[in-house]
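The values are calculated or read from the model by the stated rules, or taken from the named source; none is laboratory data. Fair warning: this is a prediction, and the values are worked out from it, not measured in the lab. Positions of Cβ are generated from backbone atoms using ideal geometry, with glycine treated the same way; all protein chains shown enter the neighbour counts. To get the accessible areas, we keep the full protein, side chains included, count just its heavy atoms, and leave off ligands, DNA and RNA. Shrake-Rupley method; radii C 1.70, N 1.55, O 1.52, S 1.80 Å.
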Amino acid sequence: MAVKINENYLKLPGSYLFAEIGRRVAKYKKEHPEANIIRLGIGDVTRPLAPAVIESLHKAVDEMAKAETFRGYGPEQGYEFLIQTIIDNDFAPRGIQLEVDEIFISDGTKSDVGNIQEIFGIDNIVAITDPVYPVYLDSNVMAGRTGAYKDSKFENIVYLPCNAENNFVPEIPQEKVDMIYLCLPNNPTGTTLTKAELKKWVDYARDNKSIILFDAAYEAFIQEEDIPHSIYEIEGAKEVAIEFRSFSKTAGFTGTRCAYTVVPKTVMGYTASGEAYPLNKLWNRRQTTKFNGVPYIVQKAAEAVYSPEGKKQIKETIQYYMTNAKIIREGLQSIGLDVYGGVNAPYIWLKTPQNLSSWEFFDKLLTEAHIVGTPGEGFGPSGEGYFRLTAFGSREKTEQAIERIKSNLKL
Ligand SMILES: *Cc1c(COP(=O)(O)O)cnc(C)c1O
């Protein structure tokens, strides 16, 4: 017999979204070489690392140059200096008590949200909000937790539509689901939930012995009151939720790589015979077996995010992006478009005008205004008829793009 492949991978439709965007832009450029195209579709930050972070990084590099301060392998779970700093700054001020062994430092939330499903049974029913960051779904497809892909959906997945009709608030499922992925503030819609709305999910998870996998990658962009920064602000969440945080968008670490995952010791999963088992132990085992930690120099860089200067500098950068978000939001609203998000997240989600499909609007924006964005359909079936713009560009390009949309888009 020949070596077999994991055929679950073959269930995944080709990652055609960004390839198709590239193809359409390249074709348009070739036909219109004079067009000055602005990209408002990027999901990556563009501002440099904060000076405090760079300084800490340099110091750590110098430590690596001397035998007395050189570091080899560190703890797989991360250095205590960083974990304690995270607890003191991200959680304690919000009244959340965590212990050092409840936080796991990693090289990214993408890896963690993709890997976390490994510690759960293969028969669990997975629920995802729709549209959403594709990693939650794809990692469960690869593991074999879904059926085939039919009519833009995977069998055995519970999709929780989020659209203008329900104000982007997912409805609590009628059926029992086991693993619930929530991304708040959301990528791509830029919308979020209030504490009261999130509480309903925590209550559901407690009633049904489910787990909530809470991706808070955009927590630092929250501007409004009453929006939870951590799911542990909700009573009872420490029994049912794992939280993912990343320095990527918060502090421009997309290329530097550092994130962390919170697994309270009180969060339980269950054996087939119904016995409770702490997920913290399973994740610790998973990480110590398959992961060898984040570079010392990167953890020192992350620590500097919490220094007084670091905090100030990072806040300025977030304000820079959120001002871009405001410019995009208000600019689009001024020409009568229906716009969502952009208040607590760097994403603006718009309803396509004239009932255009996501891709039809993509072509319209490209040909009439020379602007590139992301068709909502690429984030899930409920994204059809919507379109994502991001606030991660430069101020100049953002302003130019909105002026152009205002004067050239035929509505
Ligand atoms: C960008 C992003 C992340 C960050 O992933 P990293 O691997 O930490 O860079 C996580 N979740 C969502 C929803 C994102 O958009």
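Could you tell me whether residue 196 is of a type in the set (A, V, I, L, M), in the same structural domain as residue 268 (by TED's automatic domain parsing) and either within 16 Å of the ligand (Cβ to nearest atom) or touching a residue at least 60 places away in the same chain (Cβ under 8 Å) (or both)? Considered against the rule, which asks whether it is of a type in the set (A, V, I, L, M), in the same structural domain as residue 268 (by TED's automatic domain parsing) and either within 16 Å of the ligand (Cβ to nearest atom) or touching a residue at least 60 places away in the same chain (Cβ under 8 Å) (or both), residue 196 comes out as no.
Candidates are the residues of the stretch 140-153 that are crowded, with 20+ Cβ neighbours inside 10 Å and not in a loop (DSSP other than H, G, I, E, B); the one that is farthest from the chain's Cα centre (by Cα) is 141. Checking each residue in the stretch 370-389 for being free of Cβ contacts under 8 Å to residues at least 60 places away in the same chain and crowded, with 23+ Cβ neighbours inside 10 Å picks out only 387. Look at (1) part of a helix (DSSP H, G or I); (2) within 16 Å of the ligand (Cβ to nearest atom); (3) within 21 Å of residue 289 (Cα to Cα) and you find that residue 105 fails only one, number (1).
All of (1) free of Cβ contacts under 8 Å to residues at least 60 places away in the same chain; (2) within 16 Å of the ligand (Cβ to nearest atom); (3) open to solvent by 20 Å² or more (accessible area, probe 1.4 Å) hold for residue 220 with one exception: (1). In the stretch 230-246, the count of residues that are free of Cβ contacts under 8 Å to residues at least 60 places away in the same chain, in the same structural domain as residue 173 (by TED's automatic domain parsing) and farther than 19 Å from residue 193 by Cα is one or more. Within the stretch 44-85, if we keep just the residues that are of a type in the set (Gly, Ala, Ser) and open to solvent by 70 Å² or more (accessible area, probe 1.4 Å), the residue that is farthest from residue 388 (Cα to Cα) turns out to be 67.
Yes or no, residue by residue, for (1) under 18 Å from residue 242 (Cα atoms); (2) more than 24 Å from the chain's Cα centre (by Cα):
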residue	(1), (2)
37	no, yes
45	no, no
52	no, yes
56	no, yes
65	no, yes
69	no, yes
75	no, yes
80	no, yes
91	yes, no
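If you go through the stretch 243-268 and keep only what is in contact with a Pro (Cβ under 8 Å, 6 or more places away or on another chain) and either open to solvent by 10 Å² or more (accessible area, probe 1.4 Å) or within 16 Å of the ligand (Cβ to nearest atom) (or both), you end up with 249, 252, 265, 266, 268. Does residue 173 satisfy being out of contact with any Phe, Trp or Tyr (no Cβ under 7 Å at 6 or more places or on another chain) and free of Cβ contacts under 8 Å to residues at least 60 places away in the same chain? Taking the combined requirement at face value, the residue satisfies it.
Consider the stretch 1-20 and keep the residues that are open to solvent by less than 80 Å² (accessible area, probe 1.4 Å) and among the polar types (S, T, N, Q). The one that is farthest from residue 41 (Cα to Cα) is 6.
Among strands (runs of 3 or more DSSP E) entirely within the stretch 200-262, having at least 1 residues that are of a type in the set (Gly, Ala, Ser) singles out 241-246, 259-262.
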